[in-house]
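All of the numbers you see were taken from the coordinates with simple rules; none came from a lab. Being a predicted model, the structure only gives us computed values, none of them experimental. Because the Cβ atoms are built from the backbone with ideal geometry, glycine has one as well, and the counts that use them run over all protein chains shown.
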Amino acid sequence: MNVDQRLESLGIVLPPVPRPVGNYVGGVVSGGLLFMSGCGPRRADGSAITGKLGDGLDVARGYEAARLVGLNMLSNIRDVLGSLDRVERVVKVLGMVNATPGFTATPAVIDGFSDLFVEVFGPERGRGARSAVGMVTLPNEIAVEVEMILQVCA
Amino acid sequence: MNVDQRLESLGIVLPPVPRPVGNYVGGVVSGGLLFMSGCGPRRADGSAITGKLGDGLDVARGYEAARLVGLNMLSNIRDVLGSLDRVERVVKVLGMVNATPGFTATPAVIDGFSDLFVEVFGPERGRGARSAVGMVTLPNEIAVEVEMILQVCA
Amino acid sequence: MNVDQRLESLGIVLPPVPRPVGNYVGGVVSGGLLFMSGCGPRRADGSAITGKLGDGLDVARGYEAARLVGLNMLSNIRDVLGSLDRVERVVKVLGMVNATPGFTATPAVIDGFSDLFVEVFGPERGRGARSAVGMVTLPNEIAVEVEMILQVCA
């Protein structure tokens, strides 16, 4: 079963690929590694989950936002690589949570992203190194942004 | 035309290389990748553009600070590599904006950095993956800090 | 003298390896690079140094927290690699300080981490590229978190 079939069996439909909001590209492959740009919780209609964790958004909503970031990331990875089957494994995730100074459950939020990758690629390939930290603000008020590095084959 | 000639044709003069402000080096090459330390908007006289976006600094001033970060980065890259001609391409940029909780135009600020690299290296080599996010504070009150990864040749 | 002997000669005892607090692993090796997950200032008894720099914690206490992060990082690296002797050099450090908007001495805090690595591996192998920045919040209120990339041999 390839990754697209796996997505279908999980009932997952990827959102369309967004245009970058600045002078950059979605991802760059160099030396067997794919460096992906930061990605937000954009819905298929172009709107996004916005707001701060600790001020109106709770962990459950943040988890949902992080999962939606993951769906966008999968869509972007497929766009850069041509096929998700070229992903050998997740190497590193930097999860950034738009948060108030008192919000401290950033890992539980970013698990929404990580759990999706483990569902899709399995625990061996889908689980990487990670940090999950709090940002004072993110572009366009998005609730969560994630950038990542993956190992890919030619 | 090599990169130094390109800089001259653009009327760009790089600032002197600053001393690191802690126990680290300007950059490290490993496996064909150059990992560059975070770099700030330091002027030739040693002063820097300081302050927070959203509290006294607007997007235009932030863009200017990010461009100045780019000039310092180019100077640091040349110092590490010996020559800017060893740069094959920009791989990844992490743009960090010193910002208030309500400032959300971080990508427009970091474009000041990215636009410079595209001017100097062209769109194929100069445009990489990127995140542009908000930090609650940066060293010595600098307005913008950027770290980056480049692909380099021996 | 191998690295474990070096640690012993310095009187350094590494803390036990903690369980990750989310769906991730301690580190991933890919293409000669080791990408390590973010790590906090966890004491041997499982408690951690918590709080914000600029609000109750001063630079000396932050430096101490960053050094403790380094001890945990060494323990995690040994766990991932099997032996610290596989470390060829530090490539890149991202030091994240839990800070108030007005705290600006983040590099002096992260030197607590960097100084430890230079003590253990020496200035050639132990000093890498670095950024040291301020985060609005970190997991479970920890005062400092660091993630890093190292060059490793097979």
Positive end of the charge dipole of the protein assembly as shown (Lys, Arg +1 and Asp, Glu -1 on Cβ, about the Cα centre): tell me which of A:P123, A:G46, B:V59 has its Cα farthest that way.
A:P123
Sorted shortest first, the nm distances from the B:D58 label point (7 Å along Cα→Cβ) to its counterparts in the other copies are 4.1, 4.1
Between the residues B:S9, B:P107, B:V90, the Cα farthest towards the positive end of the dipole of chain B, that dipole coming from +1 and -1 charges on the beta-carbon of Lys, Arg, Asp and Glu, is from B:V90
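Let me know the mean shielding of C:104-114 by other chains, meaning the per-residue number of their Cβ atoms within 10 Å of its Cβ. Walk me through the numbers on the way to the answer.
Values: counts 8, 4, 9, 8, 3, 2, 4, 4, 1, 2, 3.
Mean shielding by partner chains, rounded to a whole number: 4.
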Using a 7 Å Cα-to-Cβ projection, B:G46 label spacings across copies, nm, ascending
5.2, 5.2
Globularity ratio of chain A, using Cα Rg and 2.2 N^0.38 Å
0.98
Any aspartates and glutamates with Cα under 13 Å of the C:K92 Cα? List them, leaving off those in the same chain fewer than 8 positions away.
B:E147, C:E147
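What's the average, rounded to a whole number, of partner chain beta-carbon atoms within 10 Å of each residue's beta-carbon in C:16-29?
So the per-residue partner count for this stretch is 6.
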Please report, in whole Å³, the volume per residue of the convex hull around the C-alpha atoms of the protein assembly as shown.
136
Peptide A:89-96, shielding by other chains (average Cβ, 10 Å cutoff):
5
Given label points at 7 Å from Cα along Cα→Cβ, what nm distances, shortest first, separate A:R6 from the same residue in every other copy?
3.9, 3.9
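Place a +1 charge on the Cβ of each Lys and Arg in segment C:36-152 and a -1 charge on the Cβ of each Asp and Glu, then give the dipole magnitude about the Cα centre in debye, rounded to the nearest 20. If you can, show how the numbers build up before the last one.
Numbers: 12 positive and 14 negative charges, 40 e Å.
Here the size comes out at about 200 debye.
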